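Trainee: Submitted below is the structure of interest, expressed as structure tokens.
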Amino acid sequence: MGPVSHMSNEHETRCAGAQAGHPLHQAEALQRILDTCMRIPEAEHIPLEAGLGRVLYEDVLAPLNVPPDDNSAMDGYAMRAADLPSSGSASLRLSGRVLAGHPLGSAVGPGECVSIMTGALIPDGADTVVMREQTQAEDGLVRIGPGHRRGENIRRRGEDLRLGEAALARGRRLRPADLGLIASLGIPMIKVFRRPRVALFSTGDEICNLGDSPRGGQIYDSNRYSLRGLLEDLGAEVLDLGILPDEPERLRSALRESALSADAVLSSGGVSVGEADHVTRVLSELGRVSFWKIAIKPGRPLAFGILGQRTLFFGLPGNPVAAMVTFIRFVRPALQRISGQDPEELPSFEVPCLDALKKVPGRTEFQRGTLRRDDAGRLWVGVTGRQGSGILHSMSQATCLIVLEHDRGPVAAGETVTVQLLQG
Ligand code: AMP
Ligand code: MG
């Protein structure tokens, strides 16, 4: 299916009509967004050391066994299991020593043992390692008690990864352990999806740049900083277009230009129904609007559509908390998908809430919370002070969102709520 095939003009008109009165349910909005996302087609080869946070374009297959051969998991003595005593003790002749990186070159015979270090190859003949702490060595003899198992303390060839096995799958966003895993296979270069390029700008005559002196009624642009942080966390490349005044012509040229170079465009502000709110109209002139209202709080105005062939456009609300919350819930999964990654939800779970919360059925609400433990070790969530959608401090202090479902009414203190962590 093409990216926009379901957004016929007729469909748009119907939706625009329906949405004038009825904002979309958040689940439906997210589904529409995800249905529109196409993976970035290009890949690039990069050195493994630059791979953190990048998304694999193809499976990584193991070109060898890890570990390549049986080796010792302990410092101790390597011997034949047939020489282990079932009761009493056995004394074995100490016939040599194997260090990691220095194979023995001869075999361990019956009645013999060799001292062996962690990571050293198991010599021919031996099939068991007894820990040094469980032995007594004296006069060239090593005494071993009962209770040992054939094959103990040996790391088997291929026990971590077997030759030909998929170590990691296409679509995996690489974490530190993954980099180590790929390195253990001796692979220095990897094939990853190109990073998504995201154009970002703020709108509003009242918004000014850091470093400027605010004129009367002006405030500093905070959204471009919080949104850039969220984008960089996702591994996106940010094209910063600065601040645009509330002038349709300036918006038009910014959207035209960024549709050519970006995979997604993110604006904040100008999507409500105020007289200076031009974003949705300009989007409808230059591209296709899928929807512009969602039944959520904060963030009810959120315009989503397509510019050109496949550039996603998100017109985020201007209020700083609303801009972040809508990013986390709607933009993040979309960018993960175009990055080649399967959307990976932030962890969510149920906990009792310390505070009573106001809530009306008919929209999904997101409050900012922190998790705490009581004296009995039980986890609770509480809100981070005042919750206005302009109060960025509430977001800065939060470790999670409290998600109050669409149909839910008010929450009494002590009731269970769903929380979603802000970091994975
Ligand atoms: P708007 O959606 O344009 O009506 O903006 C809603 C509110 O968010 C207004 O109070 C704006 O001043 C504020 N706002 C809009 N953009 C930004 C921004 N980039 N940084 C901080 N506040 C903003
Ligand atoms: Mg505005």
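The values are calculated or read from the model by the stated rules, or taken from the named source; none is laboratory data. Bear in mind that the values here come from a model prediction, so they are computed numbers and not experimental data. Glycine also receives a Cβ, built like all others from the backbone with ideal geometry; neighbour counts cover every protein chain displayed.
Trainee: What's the number of the only condition in (1) more than 16 Å from ligand 2 (Cβ to nearest atom); (2) more than 21 Å from ALA334 (Cβ to Cβ); (3) part of a strand (DSSP E or B) that GLY242 fails to meet?
Mentor: All conditions are met except number (1).
Trainee: Which residues, counting only those in the stretch 144-162, are acidic (Asp, Glu) and closer than 11 Å to ASN65 by Cβ? Write out each step before concluding.
Mentor: Taking the stretch 144-162 first, the residues acidic (Asp, Glu) are 152, 159-160.
Hits for the stretch 144-162 are GLU159, ASP160.
Trainee: Turning to a different aspect of this structure: Residue by residue through the stretch 292-333, note down the ones that are surrounded by 22 or more Cβ atoms within 10 Å (Cβ to Cβ), among the small types (Gly, Ala, Ser) and outside any strand (DSSP E or B).
Mentor: Scanning the stretch 292-333 gives GLY299, GLY318, ALA322, ALA323.
Trainee: Considering each residue of the stretch 231-272, count those that are under 17 Å from GLY204 (Cα atoms), away from ligand 1 (no atom under 16 Å from the Cβ) and without any contact (Cβ under 8 Å) to a residue 12 or more places away in the chain, and give that number.
Mentor: Number satisfying all stated conditions: 2.
Trainee: How about the stretch 141-228: which strands (runs of 3 or more DSSP E) wholly inside it have at least 1 residues that are within 15 Å of ligand 1 (Cβ to nearest atom)?
Mentor: 197-203
Trainee: Provide a single number: the residues in the stretch 269-285 that are more than 10 Å from ligand 2 (Cβ to nearest atom) and crowded, with 18+ Cβ neighbours inside 10 Å.
Mentor: 3
Trainee: Can you tell me which residue within the stretch 231-268, out of those that are surrounded by fewer than 19 Cβ atoms within 10 Å (Cβ to Cβ) and of a type in the set (Ser, Thr, Tyr), is farthest from ILE306 (Cα to Cα)?
Mentor: Within the stretch 231-268, the match that is farthest from ILE306 (Cα to Cα) is SER253.
Trainee: Now for a different question. For LEU357, all conditions in the list (1) at pLDDT 95 or above; (2) aliphatic (A, V, I, L, M); (3) closer than 30 Å to ARG172 by Cα hold save one; what is the number of the exception?
Mentor: All conditions pass for LEU357, except number (3).
Trainee: Mind checking which strands (runs of 3 or more DSSP E) fall wholly inside the stretch 54-120 and carry at least 2 residues that are among the basic types (Lys, Arg)?
Mentor: Strands (runs of 3 or more DSSP E) meeting the threshold: 90-98.
Trainee: Then there's this: Every residue in the stretch 357-378 that is in contact with a strand residue (DSSP E or B) (Cβ under 7 Å, 6 or more places away or on another chain) and exposed (fewer than 13 other Cβ atoms within 10 Å of the Cβ), please.
Mentor: If the condition is that a residue be in contact with a strand residue (DSSP E or B) (Cβ under 7 Å, 6 or more places away or on another chain) and exposed (fewer than 13 other Cβ atoms within 10 Å of the Cβ), then ARG373, ASP374 are the ones that fit.
Trainee: What number of residues within the stretch 191-208 are more than 16 Å from ligand 2 (Cβ to nearest atom) and within 19 Å of PRO248 (Cβ to Cβ)?
Mentor: Total meeting the criteria: 1.
Trainee: Here's another thing I want to ask about it. Any idea which residue in the stretch 165-207 is farthest from ASN71 (Cα to Cα), counting only those that are outside the structural domain of GLN218 (by TED's automatic domain parsing), out of contact with any Asp or Glu (no Cβ under 8 Å at 6 or more places or on another chain) and not hydrophobic (A, V, I, L, M, F, W, C)?
Mentor: In this case the residue turns out to be ARG175.
Trainee: Do we find that GLU275 is part of a loop (DSSP other than H, G, I, E, B), closer than 22 Å to ASN223 by Cα and either outside the structural domain of LEU379 (by TED's automatic domain parsing) or away from ligand 1 (no atom under 16 Å from the Cβ) (or both) in this structure?
Mentor: Values: part of a loop (DSSP other than H, G, I, E, B): yes; closer than 22 Å to ASN223 by Cα: yes; either outside the structural domain of LEU379 (by TED's automatic domain parsing) or away from ligand 1 (no atom under 16 Å from the Cβ) (or both): yes.
Answer is yes for this residue.
Trainee: Of the residues in the stretch 259-272, how many are among the polar types (S, T, N, Q) and part of a strand (DSSP E or B)?
Mentor: From the stretch 259-272, those among the polar types (S, T, N, Q) are 261, 267-268, 272; that's our starting set.
Now drop any that are not part of a strand (DSSP E or B), which leaves 267-268.
Total satisfying the criteria: 2.
Trainee: Still on this structure, I have one more. In the stretch 219-239, what count of residues is obtained for those that are more than 16 Å from ligand 2 (Cβ to nearest atom) and of a type in the set (Val, Ile, Thr)? Please lay out each step first, then the result.
Mentor: Filtering the stretch 219-239 for residues more than 16 Å from ligand 2 (Cβ to nearest atom) gives 225-226, 228-239.
Add one more test, that the residue is of a type in the set (Val, Ile, Thr), and what stays is 238.
Total meeting the criteria: 1.
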